[in-house]
Amino acid sequence: MGFFTNALVFWYGSTLLRDQEYDITQFFVCFMALTVGSQAAGQFLYIPSIFNTDSSSFAPDISKAKQSAINVNRLMERVPMIDSWSAKGKHIETLEAGHLEFKDVHFRYPTRPHVPVLRGLHFELKPGQYVALVGSSGCGKSTAVQLIERFYDPLVGQVLVDGMDVQGYNLSEYRKNISLVSQEPTLYQGTIRFNILLGATRDDVSQEEIDQACKDANVRSPTLL
């Protein structure tokens, strides 16, 4: 087919040159466009594999690429229900007391809407008090913490901090005033100092403050930072 295309182009092109409808430059521009274009079209539709005797096609790859592009666009255009970059809500520098209260909280995860996790959770935690959430796996212990951090909002009820629903606070500033030490904390590649500074809410952290944080966390060798 390649040789046939070249022969056809040369025959018709020579006819146009003979009749002086095209000059030599126009002829070679059309010749290159047709030959290269036909080769690309042939490779696009059907490509013999250089590794084995089977044949492969671009069609499945194009379909996957198209679907991937659709998924990326859908993800980029998605509007989160809880926007951590939003400027709305009450702006605070520090929480006044840290008085926490759950009021008849009901919750189900969006991915499991038929499985109730919290059903009427109600308790109060005053400043300076300790509370332990005890129960089997899946009973909602971690969910309660995630509601405090406002990774999710309750379906029914309220989570109050200092007498105000957490949904009323500016989310970014609210989260700067709370912290979570997980059961299996992650250490990122780098020094201990680097890992400690990841939890800082400002850039101008002094060495004395780092040393004090190490002492408060019972890190035995702050001098090695």
25 Å Cα-Cα threshold exceeded, pairs from K103/K126; K103/K215; K141/K176: K103/K215
At R0 = 41 Å, FRET efficiency that the Cβ-Cβ distance of A200 and R119 yields, to 0.05: 0.60
Nearest 10 degrees, 0 to 90: helix 24-45 Cα axis against the chain principal axis: 50 degrees
Candidate aspartates and glutamates - alpha carbon under 12 Å from K90, same-chain residues fewer than 8 apart omitted: D165, E173
Residues listed by number, the range 124-152, amide nitrogen under 17 Å from Q167 label point at 7 Å toward C-beta: 144, 146-152
Zone residues, the range 183-200, relative to A217, backbone N less than 11 Å from point 7 Å out along Cα-to-Cβ: 185-188, 192-200
Loop-located trypsin sites (Lys or Arg not before Pro) in the range 158-225, at most 11 other Cβ atoms within 10 Å (DSSP): R202, R220
Helix 59-76 axis, angle to the chain major axis (alpha carbon atoms, nearest 10°): 40 degrees
Gain on full stretching of the segment that runs from D61 to F151 - 0.36 nm per residue minus C-alpha separation: 28.7 nm
Using alpha-carbon coordinates, inclination of helix 207-216 to the longest axis of the chain, degrees: 60 degrees
Among D23, D61, D203: highest mean-square fluctuation, GNM of the chain, C-alpha pairs under 10 Å: D23
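A short reminder: the numbers here are calculations on the coordinates, not readings from a lab. As the structure is a computational prediction, the values presented were derived from the model and not from experiment. Positions of Cβ are backbone-derived with ideal geometry, glycine not excepted, and every protein chain shown enters the neighbour counts.
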